[in-house]
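Inspection log for the structure reproduced underneath, given as structure tokens.
FYI, it's all coordinate maths here, none of it is from the lab. Because the structure is a prediction, the values reported are computed rather than measured. Every residue, glycine as well, gets a Cβ built from its backbone with ideal geometry; the counts of neighbours run over all protein chains shown.
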Amino acid sequence: MADKDFLSQFSDANKPESFKEEERIPVVKEKKKVNPLLLGIAIALLLAIAVLLYFLFLAPKIAVPDFVGKNKSDVAAWVRQQGIEASGIVFDETYDFDTEEGTVLSQNVAAGKKVKKDVKMNFVLSLGPDPDEAIRVPDLSGMTKSEVQEWISRNKLSKTKVVTAYNDSVEEDGVISYSFSGCEEDSFTRACSLKISVSKGPAPAGKVTVEDFEKKLYETVEAWAKSKKIELSKSETYSDKVEAGYVISQSIESGKTINEGDTLHVVVSLGKAISIPNMYGWTRKEVENWCRKNGVAYDDSEEDYDTTNGLCIKQSINPGSIVKEGDIIYFIISKGDPDISEFYGTTLDELKAWVEKINIESARVTLNKPVYDFSDSVPAGNIISLSKKVKTGGSIDVVISKGKNVYLNDTLWDTLRTDPHSLNEEDVRNLFNANPDISFVFRYEKNESLENSVVLSASRSDGKQLENHTYLPQSESIVVVVNDKGE
């Protein structure tokens, strides 16, 4: 028997049936078939549940309204109602002529869109028309109330107000007046205040019962008429029975009913009629006594020159004129003839001024042409003599001093005339110092060919020859021209 290898002994060929490996046959179960209809229903159900969960917990739920044209409070109410976070709501503002202040102009989230509570939204609100826009003011005084209101409405002038008032001079609906506040007419804007007063026409007349005003003060009637809107007219006449200023009669008797605006005429007393006498030639005492007796005021402060010294020479109210108590009369008392004695030794100009003054006071004095003469005692220009007396309407004679007639007794006078260049200013001043009664005048001119301070010329002011052994009136002077080269 052939030898078998080690492994062959483990072969199944010689094994008993019980030692052979068992054959395993897999058992396959038969799959059940799925119903497509049921599967579709299940999937649809799952999708529905998923959508429901999304809308319940994840999807935005709040629909945004259209706020354009609404106001800020509408937005605020919607935010509170929906529980939206207010910090996410922002408002911007801008001027808009066509939209009222506070109205929503736009929103950044479209109307109808659904949002969450933490949504961020921007709204633009109108501030209304620009208050700083310049507005041209028309001629309001020529406009009617409706035209004014149309202008206000068209330009949206919220600070321009129209008020009405009764007015007798401006027709109904016409502009009475207008006034600006905060600006001037040429700088008017919507921010300025403008008040326009429009007439309602004359006030409707009320009924007034006339009172009894006879023997009452006119001022009482004036006050009553003003308070009752009654027109008042008056005339005045003299009365011996009714005191001055009191009512004598009235055009409408007391108790009668009249309308506001009607006219009441009253006659008012001027008091007792007084006839003015001719007071010419009366003494001051006589005039004063008559005025006191008749209740006439007087003033005698003025006096004029007249031959009738101390008597009345003029009166302000003509004789025969009728006056009332309290009127004032001015009268002038004569001062007599003018006193001229005080003018001896004065100047002619002073005398002339005095004559002008007394002539204003009716002296009618004439100053004759003066006569001039030399005088060793009366300075030149002063009065040597004049009329001792002057009557009202008379004339005055006057002699005026020419001063001393100075004798020129010095050979220098001939030298000044014939050879002035040989002298200088100092020589001439020494000459005049030696002759103090002589008046002199120095004048200065420029001559380049001669020495400085040399006398250029000398002459008498009266035009006569300047020479030795002649006379020079003190009223005249010697004019000396000296060379002045400005050195």
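Remark on LYS234: its backbone amide H falls under 5 Å from those of VAL266, a criterion applied only to residues 5 or more positions apart or on other chains, H modelled at 1.01 Å from N.
Taking the centroid of alpha carbons for each part, segment 410-448 and segment 59-122 are 115 Å apart. Normalised by the number of residues in segment 341-401, the average gap of Cα pairs under 8 Å and 6 or more apart makes the relative contact order 41 percent.
If you average the C-alpha positions of segment 247-304 and of segment 308-384 separately, how far apart do those two centres end up, in angstrom? Cα centroid of segment 247-304 versus Cα centroid of segment 308-384: 36 Å apart.
Working ranking of peptides 288-300, 323-335 by packing, defined as the average number of other Cβ atoms within 10 Å per residue, highest first, is 323-335, 288-300. For the pair SER158 and GLU288, label points projected 7 Å from Cα toward Cβ lie 8.0 nm apart. Along the axis of the charge dipole computed for the chain (Cβ charges of +1 for Lys and Arg, -1 for Asp and Glu, origin at the Cα centre), the listed residues ASN35, GLN81, SER158 are led at the positive end by ASN35.
Using Cα pairs closer than 8 Å and at least 6 residues apart in sequence, work out the relative contact order for the chain, in percent.
Dividing the mean separation by the residue count of the chain yields 7 percent.
Taking 4.7 Å between C-beta atoms as the pairing limit, the chain has these partnerless cysteines: CYS291, CYS312.
The H on the amide N of LYS272, modeled in the peptide plane, is under 5 Å from the matching H of SER239, ALA244, GLU325, each at least 5 residues off or on a different chain. Can you pick out the pairs among LYS234/LYS285; LYS215/LYS314; LYS293/LYS391; LYS293/LYS352; LYS156/LYS200 whose Cα atoms lie more than 32 Å from each other? LYS234/LYS285; LYS215/LYS314; LYS293/LYS391; LYS293/LYS352, as the Cα separations exceed 32 Å there. Bridge orientation summary for the chain: considering DSSP beta bridges with both residues in this region, about 55 percent are antiparallel.
What FRET efficiency comes out for the pair VAL399/GLU356, r = Cβ-Cβ distance, R0 = 35 Å, nearest 0.05?
Here the calculated transfer efficiency is 0.95.
Summing charges over neighbours of ASP327, with a neighbour being any other residue whose Cβ is under 12 Å away from its Cβ, gives 0 when K and R count +1 and D and E count -1. In the chain, the DSSP-assigned H stretches of four residues or longer account for a calculated mean residue ellipticity at 222 nm of -6000 deg cm²/dmol, using -39500 (n - 2.57) per stretch and the full residue count as denominator. For segment 197-216, backbone nitrogen atoms closer than 14 Å to the point 7 Å from GLN149 Cα along Cα-to-C-beta are found at 198-200. Model label sites at ALA134 and ALA205, defined 7 Å from Cα along the beta-carbon direction, differ in position by 5.1 nm.
Near LYS314, the amide H atoms lying under 5 Å from its own belong to ILE332; only residues 5 or more places off or on other chains count, and H is placed 1.01 Å from N.
One decimal place: the segment GLU445-SER169 gains 91.4 nm when fully extended, by the rule 0.36 nm per residue minus the C-alpha distance.
What do you get for the angle between helix 425-434 and the principal long axis of the chain? Use alpha-carbon atoms, 0 to 90 degrees, nearest ten. On a 0 to 90 degree scale, this one is about 50. If you work out volume of the Cα convex hull per residue in Å³ from the coordinates, which of (1) 147; (2) 162; (3) 627 do you get? Calculated volume of the Cα convex hull per residue in Å³: the matching label is (3).
Rounded to the nearest 10 degrees, the angle from helix 348-360 to the longest Cα principal axis of the chain is 70 degrees. Rounded to the nearest 10 degrees, the angle from helix 284-294 to the longest Cα principal axis of the chain is 40 degrees.
How high is the relative contact order of segment 274-334, in percent, with contacts defined as C-alpha pairs under 8 Å that are six or more residues apart?
Averaging sequence separation for qualifying contacts and normalising by length gives 48 percent for segment 274-334.
You can think of it this way: the chain between LYS216 and THR237 has 6.0 nm of extra reach, that is 0.36 nm per residue less the Cα-Cα gap.
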